[in-house]
1. Select from the stretch B:150-162 the residues that are surrounded by 18 or more Cβ atoms within 10 Å (Cβ to Cβ) and out of contact with any strand residue (DSSP E or B) (no Cβ under 6 Å at 6 or more places or on another chain) and list them in ascending order.
2. Output the residues belonging to the stretch B:70-105 that are within 7 Å of another protein chain (Cβ to nearest Cβ), farther than 15 Å from residue B:175 by Cβ, touching a strand residue (DSSP E or B) at 6+ places or on another chain (Cβ under 7 Å) and buried (at least 21 other Cβ atoms within 10 Å of the Cβ).
3. Confirm whether residue B:19 is modelled with pLDDT under 90 and part of a strand (DSSP E or B).
4. Please work out if residue A:194 is outside any helix (DSSP H, G or I), within 30 Å of residue A:103 (Cα to Cα) and in contact with a helix residue (DSSP H, G or I) (Cβ under 7 Å, 6 or more places away or on another chain).
5. What about residue B:40, is it over 15 Å from the mean Cα position of the chain (by Cα) and either on the phi > 0 side of the Ramachandran plot or facing chain A (nearest Cβ under 8 Å) (or both)?
6. Would you please name the residue that is farthest from residue A:387 (Cα to Cα), looking only at residues in the stretch B:147-161 that are facing chain A (nearest Cβ under 10 Å) and touching a residue at least 40 places away in the same chain (Cβ under 8 Å)?
7. Whether any residue in the stretch B:60-69 is more than 14 Å from every other protein chain (Cβ to nearest Cβ) and outside any loop (DSSP other than H, G, I, E, B) is what I want to check.
8. Restricting the first residue to the stretch A:222-237 and requiring it to be more than 14 Å from chain B (Cβ to nearest Cβ), which pairs with a second residue that is in a loop (DSSP other than H, G, I, E, B) meet a Cβ separation below 9 Å and a spacing of at least six or different chains?
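The values are calculated or read from the model by the stated rules, or taken from the named source; none is laboratory data. Remember, it's a predicted structure, so these values are computed and weren't measured experimentally. Positions of Cβ are generated from backbone atoms using ideal geometry, with glycine treated the same way; all protein chains shown enter the neighbour counts.
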């Protein structure tokens, strides 16, 4: 990698030598440079808004709200990565999210109690509704995937049809009305102060995360040693472990620094027979359920993409469809599965969205397809196929949401936010293209 | 395993393709072609662009089904509907365009479609890298870029990956479609050495090449294709390059009318 000799407006100064130690650090620790860059960009955005708002922005309550708002798009983006990597597109995700959200509402207010005789007190009714909704999402995904993979209709056309017709079908599900009154347990999936796990469980999640980081580092090193491959120096392993655990625990501490509002805290004190001290009770809210679901989805999808044959085949097909076919891969079934997965994720996103509103409205998920595609693309997914990562797409969703939330925090209205989001989308991809050309 | 090369009459053919026909729309790409390949034998398939060489081989490798005809592998009738069927019969193919997924690394490509897995079907990346290192040690000892995407490899390195894929899975029948087209002289020589080595191990090889000298250098027999049919399959030692070139151009056997002029043209 040489310096930027080609760009005339930037004189080739000592920049290269300045970044040299950093570059060496990156190569020794084998950090994904792109992901690292996105983390830096995210940090710059957050700190920038904090500065512009006079230090009011970067507070736990804002960050938790921002993160929860990003979860639906982020969950969908994890699946969109695999769809785009395998040279397809899914424009129907928003409509499908809305359709499944309406299905949950219909299930819990009508079908489960009136048809299947499961009253409001039926155990785990929320889980039954969730499972059925996931089935609905998977079925729509399978149908679209079948038409795309086996009949050979371009995914753009099929899912554009899905975008229109599934959104229309939402109206028919409820005769044009919003449905409210979901199960209280189901609403926890949407987050909020009630839908959070509390301080102790947040620390437990953090501890599990740290154990996981250490385990992955150790088992990876053992594995490489077993085959006699070169391994990272011990200090690099240690640094990665410390940084990983610090990041996890930092997020947990941040989430636990968000306290219940006074009325709820007093309610809590009453329920637990506590006396409210003069300064008020400080009861940590902790991580919201949707964030925990997003973490789970991200880990699972990353595992599927990197450690399973299916994931390998998705990337191989995206890199060279002919090579995948000639290697004996069942490419059609692979493509169909990416759409089934997308449908399942739409069901998960629908649960979060409906849970947050305690209702299913007709417009849940409207326009999501564009935000989801934008998140994946900002996260490094290429429309040429074969390139893209799941953590990148999740970070992309957070970058886009931070921008929107930060601007609205500063009083910029939603058209203004859209202008900014569009420009950032183009800048991110342009930067990528420039970077790639420079690299080759 | 002792193998007598170039003595087709004494053993069971590894491959018999009988009366193969392939059409694309109105184009009869392969017409009633029959060909045999014996263990330890290299057959050079030559002919103009569009003569049907690659199409015939795509039938054998499962990439394109034949419209009619029969394939017999080691004396048993075989059904080859897709690349997986062919691989199950130990037929491996090295394609002209190498058919690598450029975004995957060398182990990813070598094991594509046949990944090693550990518990619960997890990909065993370290195991695959280890095996790739072993086979590359043999094919291209200078190869070190096991973790880089194949897009960053040179033509020779990509070729090594493509060949490694065929060799690793113990091919008995190898189809090489222009294996040296993208290579420099040194790399070409490496591929030639490899072909001789594989041949000595009893592997049967179909070699498609435009380079008549390559073909004469490596083949035991040469099959000339012209407009979808085989003009003739000849013993390498029984013909001259000019005679073969004459058959390629004129589509006629040596000694037939027209062959003399064709030779004169070259």
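1. Residues satisfying the conditions are B:150, B:153, B:156, B:157, B:158, B:159, B:160, B:161.
2. If the condition is that a residue be within 7 Å of another protein chain (Cβ to nearest Cβ), farther than 15 Å from residue B:175 by Cβ, touching a strand residue (DSSP E or B) at 6+ places or on another chain (Cβ under 7 Å) and buried (at least 21 other Cβ atoms within 10 Å of the Cβ), then B:103, B:104 are the ones that fit.
3. no
4. Yes: the conditions hold for residue A:194.
5. For residue B:40, the condition - over 15 Å from the mean Cα position of the chain (by Cα) and either on the phi > 0 side of the Ramachandran plot or facing chain A (nearest Cβ under 8 Å) (or both) - is not met.
6. Out of the qualifying residues, it is B:147.
7. The answer is yes; a qualifying residue exists.
8. Pairs found: A:236/A:30; A:237/A:231.
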